[in-house]
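To keep things clear, I will list the structure first and then write my remarks on it.
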Amino acid sequence: MQTKKYNRIKEMIGMIEENISLKNYNTFGIDATAHYFARFRSVDELSAHLDFSPPSVSPNSMPILLLGGGSNLLFTKDFDGLVLKNELGGIEKIREDEEYVYIKAGAGVNWHQLVIHCIQNNWAGMENLSLIPGNVGASPMQNIGAYGVEIKDIFFELDAFHLKEKSVVTFNLEECEFGYRESIFKRKYNKQFVILNVTYRLRKVPVFKTSYAAVDQKLVKMGVTELSIQAISEAIISIRQGKLPTPSEIGNAGSFFKNPEINQHQFESLSNEFPGIIGFPLADERVKIAAGWLIEQCGWKGYRKGDAGCYSKQALVLVNYGHSTGAQIFELSESIVASVKDKFGIELEREVNIM
Ligand code: FAD
Ligand code: EPU
């Protein structure tokens, strides 16, 4: 009876697959298995998938993983639940005023494709975020950022689907509670919402952000005499390609750890002991420390054990050279955390979501 019901629901939904390898769905290239796997291209499909519960699992107790581009995840074991791959598409200009255009994108749209689309239309604000892997839906999850710009700087609002209540809620900038690689969806509302679409507010007349020395130097090297959002995007793509591994060649999820924030007093005493330490002043007398430097000083840069390693051009990036398991990469990250703690007294926090 139960099995009949289960098969009927499976048939009705039509697209729930079993025992699917996630190797091609995460940029670390970890070969973990999803017990159940389904894609959705509409809220109705998402809602139908959420009704699915096999006979062995009591209704509404199945673990759910929302999957975008899989570029900020490390699978340390198989996922014994339902992986829902977000494929909600569409890019639309919903309105404009004198200064801004408002661009709404489906959560399943590839981030860099959206950036290219906006640059081609001369809508400014995303260019510093060029070439970040992943999809639109994850961009507000952890307030993605690079080269002086974060999502919060261009964010207008988003629609999200409440998994239990099955209703759509709109969140504005304030309600998202963005922080450094943080949002309300990683904290208070962790695992409660599916982000369906995001609306960004982009400028008709650009305000160029070239405060990062590396960007400025690259523009000079490229011979750029007149700034444009295209030129900034090209400079940033070139910088990124020079130091970050391409996931299709070497598995990785970008920065594995966050840059830690310490107080001014701690920074001064560390600077006395380690004069080369790299810190960027923040508000409230806090200082952001370059975690890549800390890790490099502990001797990890270029380290490799089996297929798990610490990237030779950027110590903040852990890599899978082919057949590493997620558990091996996690183990390496534990050793790195311990040695940084030991040498500098700083506890590194992981940026990557550990599954
Ligand atoms: P996934 O990895 O699929 O998911 C990440 C988390 O968000 C998971 O917890 C998932 O469940 C959740 N999630 C995904 N979609 C939704 C949704 N629609 N609704 C609710 N929850 C959802 N990040 C930066 O900030 N700056 C960088 O410069 C940067 N550079 C990178 C460079 C490389 C080479 C790589 C591999 C990664 C880099 N990253 C960077 C990290 C990564 O690209 C971002 O975190 C990206 O936003 C992840 O998107 P995704 O679609 O792949 O998310
Ligand atoms: N550094 C070292 N050794 C290293 C790596 C870096 O000494 O092995 C030093 C660099 O010389 C530089 C400083 O650390 O002085 C900062 O390095 P970098 O500019 O490469 O940036 P990052 O702090 O390592 C952060 C983000 C990146 C983002 C870049 C550019 C975090 C956790 N990471 O990296 O985001 O692209 O700045 O803005 O904040 C990501 O989140 O996945 C990510 C890649």
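Before moving on, here are some points about what is shown:
- Pairs, first aliphatic (A, V, I, L, M) in the stretch 273-300, second away from ligand 2 (no atom under 11 Å from the Cβ) and open to solvent by 70 Å² or more (accessible area, probe 1.4 Å), C-beta under 6 Å, six or more apart: Val287/Pro281
- Restricted to the stretch 83-124, and to residues there that are in contact with a Pro (Cβ under 9 Å, 6 or more places away or on another chain) and part of a strand (DSSP E or B), the residue that is farthest from Leu50 (Cα to Cα) is Ala124.
- Top-ranked residue in the stretch 175-190 [being charged (D, E, K, R) and under 13 Å from Ile144 (Cα atoms); ranked as farthest from ligand 1 (Cβ to nearest atom)]: Glu182
- Condition met for Val352 (surrounded by 14 or more Cβ atoms within 10 Å (Cβ to Cβ), within 16 Å of ligand 1 (Cβ to nearest atom) and at pLDDT 95 or above): yes
- Positions within the stretch 303-331 being touching a strand residue (DSSP E or B) at 6+ places or on another chain (Cβ under 7 Å) and either open to solvent by 40 Å² or more (accessible area, probe 1.4 Å) or in a helix (DSSP H, G or I) (or both), in sequence order: Tyr303, Tyr321, Gly326, Gln328, Ile329, Phe330
- Test result for Leu163, at pLDDT below 95 and near ligand 1 (Cβ under 10 Å from one of its atoms): yes
- Pairs where the first residue, in the stretch 218-232, is within 14 Å of Ser130 (Cα to Cα) and the second is loosely packed, with under 13 Cβ neighbours inside 10 Å, C-beta under 9 Å, 6+ apart: Gln230/Gln120; Ala231/Met222
- Filter result (under 20 Å from the mean Cα position of the chain (by Cα) and under 22 Å from Trp111 (Cβ atoms)) within the stretch 41-78: Leu65, Leu66, Leu67, Gly68, Gly69, Gly70, Ser71, Asn72, Leu73, Leu74, Phe75
- With respect to the stated conditions, Tyr147 is near ligand 1 (Cβ under 9 Å from one of its atoms) and of a type outside the set (D, E, K, R).
- Meets criteria (within 16 Å of ligand 2 (Cβ to nearest atom), modelled with pLDDT of 95 or more, buried (at least 22 other Cβ atoms within 10 Å of the Cβ) and farther than 19 Å from Ala231 by Cβ) for Ala107: no
- Selection status of Glu296, surrounded by fewer than 15 Cβ atoms within 10 Å (Cβ to Cβ), over 22 Å from the mean Cα position of the chain (by Cα) and part of a helix (DSSP H, G or I): no
- Which numbered condition Leu46 fails, given (1) assigned by TED's automatic domain parsing to the domain that holds Pro140; (2) hydrophobic (A, V, I, L, M, F, W, C); (3) open to solvent by less than 10 Å² (accessible area, probe 1.4 Å): (1)
- Of the residues making up the stretch 190-204, those that are open to solvent by 50 Å² or more (accessible area, probe 1.4 Å) and touching a residue at least 24 places away in the same chain (Cβ under 8 Å) are Lys191, Gln192, Arg201, Arg203, Lys204.
- Complete set of residues in the stretch 278-293 that are assigned to a loop (DSSP other than H, G, I, E, B) and either within 26 Å of Phe75 (Cβ to Cβ) or of a type in the set (Gly, Ala, Ser) (or both): Ala283, Ala290
- Yes/no for Val57 being surrounded by 17 or more Cβ atoms within 10 Å (Cβ to Cβ) and free of Cβ contacts under 8 Å to residues at least 24 places away in the same chain: yes
The values are calculated or read from the model by the stated rules, or taken from the named source; none is laboratory data. Since the model is a prediction, treat every value here as computed from it, not as a measurement. Positions of Cβ are backbone-derived with ideal geometry, glycine not excepted, and every protein chain shown enters the neighbour counts. Each accessible area value is taken on the protein alone, full model and side chains, heavy atoms only, with ligands, DNA and RNA left out. Shrake-Rupley method; radii C 1.70, N 1.55, O 1.52, S 1.80 Å.
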